[in-house]
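A.B. asks: Quick one: this structure, given as structure tokens, is what I'll be asking you about.
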Amino acid sequence: MAAALPNAAHSAGGRRPGTPLIALAAGGVFGVAQTFVAQRCGLLRFDATNGEWSSIELGTLVWLSAASVVLGLLTARRITHARRDSDAFVLGAAVLGSLLAVPLATSSAAWAAIYGGDVATGRVVLHVLLGAGLGLLAGALAQRYRATAVGLAAGIALAWSFAVLAGLLRPDRPPILDHPDLGIGAAGSGQRLGGLVVALLYGAALGIVWSTRSIRTRVAAATAGPALAAAAYLLVVPFDGEFWPWSPIPTALAAIPLAAAGAALAGRLTDRFQRRHD
């Protein structure tokens with residue numbers, strides 16, 4: 001019987017049993033946990049004193065929602081050791097789970113509105129849904145390409161580490177996603193410079209560490225994380241107009257080729273060094 005049913009441990013399409021349920025739960029956990037931590041470290045404030053930063057915060061909310069989908073999907077596939085084939089059911093479950101962030105995010109905006117915040121709960125729901133759609137696209141690519149999956153996971157981890165650090169060191173300023181404050185110049189110029197420097201170093205690190213892969217694969221991985229952040233900001237523009245006091249979009253877009261250049265240059269140098277010592 002076992003010989004006659006060699007794939008009995010898998011459901012149709014090669015999916016391991018329970019993978020969609022794990023993706024649903026993981027998407028929900030990451031959606032709620034990330035939103036909660038973002039509120040605690042100052043990424044999502046929605047308050048009256050920083051109302052001019054609301055568009056940047058909504059861009060962050062889009063990114064958080066997309067990241068929840070990606071992390072939920074990757075966690076489920078990692079736990080069940082699912083094959084890398086595309087699976088719409090697993091991806092859709094991660095998207096649905098990420099929507100658990102809606103009540104937490106809207107309650108934060110509603111509470112801030114009592115004290116003069118200008119972000120309506122409807123706008124919050126809209127941007128969580130935009131993020132879920134972006135996460136759907138990013139997750140579909142992560143299912144098909146390992147470089148995209150690795151790059152998204154690494155990029156999300158890096159962005160979170162700098163956001164938390166910025167919230168601890170500069171509690172008077174809302175942390176800007178992918179724009180670490182190096183303490184150089186004014187708030188805008190210092191964070192722009194920080195974003196560009198980090199993108200270059202991040203790409204170089206991936207180019208060195210992932211030396212078992214081709215240069216093209218390392219470049220693809222390096223661009224995935226910055227591309228997700230840039231896409232999150234771009235999705236906000238049609239609904240929220242201009243950013244103030246400065247737009248993070250040019251730096252977020254410039255970070256993509258910088259990360260690629262860092263991965264390509266460091267990767268080639270690493271490969272040459274290894275060939276000389278083989």
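The values are calculated or read from the model by the stated rules, or taken from the named source; none is laboratory data. On a predicted model such as this, the values are computed, not experimentally measured, just so you know. Note that we place each Cβ from the backbone using ideal geometry, even for glycine, and neighbour counts take in every protein chain shown. Side chains are part of the model used for accessible areas, which takes the heavy atoms of the whole protein and leaves out ligands, DNA and RNA. Shrake-Rupley method; radii C 1.70, N 1.55, O 1.52, S 1.80 Å.
A.B. asks: Of the numbered conditions (1) assigned by the TED database to the domain that holds Thr80; (2) open to solvent by 30 Å² or more (accessible area, probe 1.4 Å), Gly135 fails exactly one; give the number of that condition.
C.D. replies: (2)
A.B. asks: Is it the case, given these coordinates, that Leu182 is under 10 Å from the mean Cα position of the chain (by Cα), at pLDDT below 90 and not polar (S, T, N, Q)?
C.D. replies: Working: under 10 Å from the mean Cα position of the chain (by Cα): no; at pLDDT below 90: yes; not polar (S, T, N, Q): yes.
Judged against the criteria, Leu182 is not a match.
A.B. asks: So, in the range 189-209, how many residues would count as being farther than 14 Å from Pro257 by Cα and surrounded by fewer than 21 Cβ atoms within 10 Å (Cβ to Cβ)?
C.D. replies: Residues meeting the conditions: 6.
A.B. asks: Cβ-Cβ under 9 Å, sequence separation 6+ or interchain: first residue in the range 240-255 and farther than 16 Å from Gly194 by Cβ, partner at pLDDT 70 or above and aromatic (Phe, Trp, Tyr). Which pairs?
C.D. replies: Cβ pairs passing all conditions: Phe243/Trp53; Phe243/Tyr233; Trp244/Trp53; Pro245/Trp53.
Conditions (1) in the same structural domain as Trp63 (by the TED database); (2) more than 21 Å from Leu158 (Cα to Cα); (3) at pLDDT 95 or above, marked per residue:
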site: Ser211; (1), (2), (3): no, no, no
site: Leu228; (1), (2), (3): no, no, yes
site: Asp240; (1), (2), (3): no, yes, no
site: Leu258; (1), (2), (3): no, no, yes
site: Ala261; (1), (2), (3): no, no, yes
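A.B. asks: Taking the residues in the range 74-102 that are of a type in the set (Lys, Arg) and at pLDDT 85 or above as candidates, determine which candidate is surrounded by the most Cβ atoms within 10 Å (Cβ to Cβ).
C.D. replies: So the residue we want is Arg77.
A.B. asks: Right, something else. Inside the range 129-150, can you point out the residues that are closer than 17 Å to Pro226 by Cα and of a type in the set (D, E, K, R)?
C.D. replies: Scanning the range 129-150 gives a single hit, Arg146.
A.B. asks: Looking at Ala140, Ala105, Ala110 in this structure, which one is open to solvent by less than 10 Å² (accessible area, probe 1.4 Å) and assigned to a helix (DSSP H, G or I)?
C.D. replies: Exactly one of Ala140, Ala105, Ala110 is open to solvent by less than 10 Å² (accessible area, probe 1.4 Å) and assigned to a helix (DSSP H, G or I), namely Ala105.
A.B. asks: Which members of the range 119-135 meet the condition of being within 12 Å of the chain's Cα centre (by Cα) and aliphatic (A, V, I, L, M)?
C.D. replies: Initial filter on the range 119-135 (within 12 Å of the chain's Cα centre (by Cα)): 131-132, 134-135.
Once the filter is applied, which keeps residues that are within 12 Å of the chain's Cα centre (by Cα) and aliphatic (A, V, I, L, M), the range 119-135 yields Ala132, Leu134.
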